[in-house]
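The block underneath contains the structure these notes are about, expressed in structure tokens.
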Amino acid sequence: MKLKLGLALLLISVLVLGIVGCSSKMSSVNLVATMHGCGGSGDGPVDSDATQHFDLGCETNICNQGNGTANDVRVFVDTSVTNEGLQTLELEPRQNQKPVILKKGECETFAVNWGYDCTGISHDEVYQSVNQYVLHVTWIDKNGKQVAKVLCEGGSN
């Protein structure tokens with residue numbers, strides 16, 4: 001009975017962590033991402049004869065919930081909703097200058113915006129595609145080595 005209860009609590013914990021945010025724990029650095037969202041806005045109705053431009057963007061908050069320091073934190077999103085197909089875009093810090101250093105308990109908001117010509121594509125298709133992304137982060141650890149981790153995969157929660 002206790003084993004079943006323990007497994008149920010573990011499963012619930014995994015599900016809650018998957019819904020609330022994404023994290024990467026490596027040595028003493030534990031970076032957690034809280035997605036503010038990926039999305040955009042367009043300029044009028046979509047039809048096959050008109051050019052439709054969307055302004056898209058992605059924003060996330062990265063917090064270090066570990067005991068160590070993450071140096072030169074950089075955040076990237078992989079998305080196929082670009083005019084060039086699959087691209088890796090770097091999110092820029094909103095509050096701090098580069099390089100971003102996150103000590104224990106510190107956070108930074110990162111964001112990126114880009115334009116997209118979605119001529120002939122419905123708004124629903126654009127919004128569904130925009131939510132298919134991979135968010136990853138790199139940082140330099142205390143030994144001077146670069147660490148890279150996937151934090152979130154959109155549409156997988």
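The values are calculated or read from the model by the stated rules, or taken from the named source; none is laboratory data. Keep in mind the model is a prediction, meaning the values are calculated, not measured. We place every Cβ from the backbone using ideal geometry, glycine too, and count neighbours over all the protein chains shown.
The table below gives the values:
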| quantity | calculated |
| --- | --- |
| Test: residue in region 128-141 that is hydroxyl-bearing (Ser, Thr, Tyr) and touching a Phe, Trp or Tyr at 6+ places or on another chain (Cβ under 7 Å) | no |
| Residue in region 76-118 that is surrounded by the most Cβ atoms within 10 Å (Cβ to Cβ), counting only those that are touching a residue at least 40 places away in the same chain (Cβ under 8 Å), farther than 14 Å from Cys38 by Cα and of a type in the set (A, V, I, L, M, F, W, C) | Leu102 |
| Residue under evaluation Trp114, criteria (1) at pLDDT 85 or above; (2) on the phi > 0 side of the Ramachandran plot; (3) not β-branched (Val, Ile, Thr), criterion not met | (2) |
| Selection count, region 72-87, where residues are hydroxyl-bearing (Ser, Thr, Tyr) and touching a helix residue (DSSP H, G or I) at 6+ places or on another chain (Cβ under 8 Å) | 2 |
| Residues (among the aliphatic types (A, V, I, L, M), closer than 23 Å to Val130 by Cα and at pLDDT below 65) located in region 21-39 | none |
| Residue check, Leu135 touching a Leu at 6+ places or on another chain (Cβ under 6 Å) and at pLDDT 90 or above | yes |
| Segments classed as strands (runs of 3 or more DSSP E), wholly inside region 73-157, with at least 3 members that are in contact with a Ser or Thr (Cβ under 9 Å, 6 or more places away or on another chain) | 87-93, 107-117, 133-140, 146-153 |
| Filter result (at pLDDT below 95, under 24 Å from Ser28 (Cα atoms) and not polar (S, T, N, Q)) within region 78-98 | Lys98 |
| Test for Glu59: is it under 16 Å from Val29 (Cβ atoms) and in contact (Cβ under 8 Å) with a residue 24 or more places away in the chain | no |
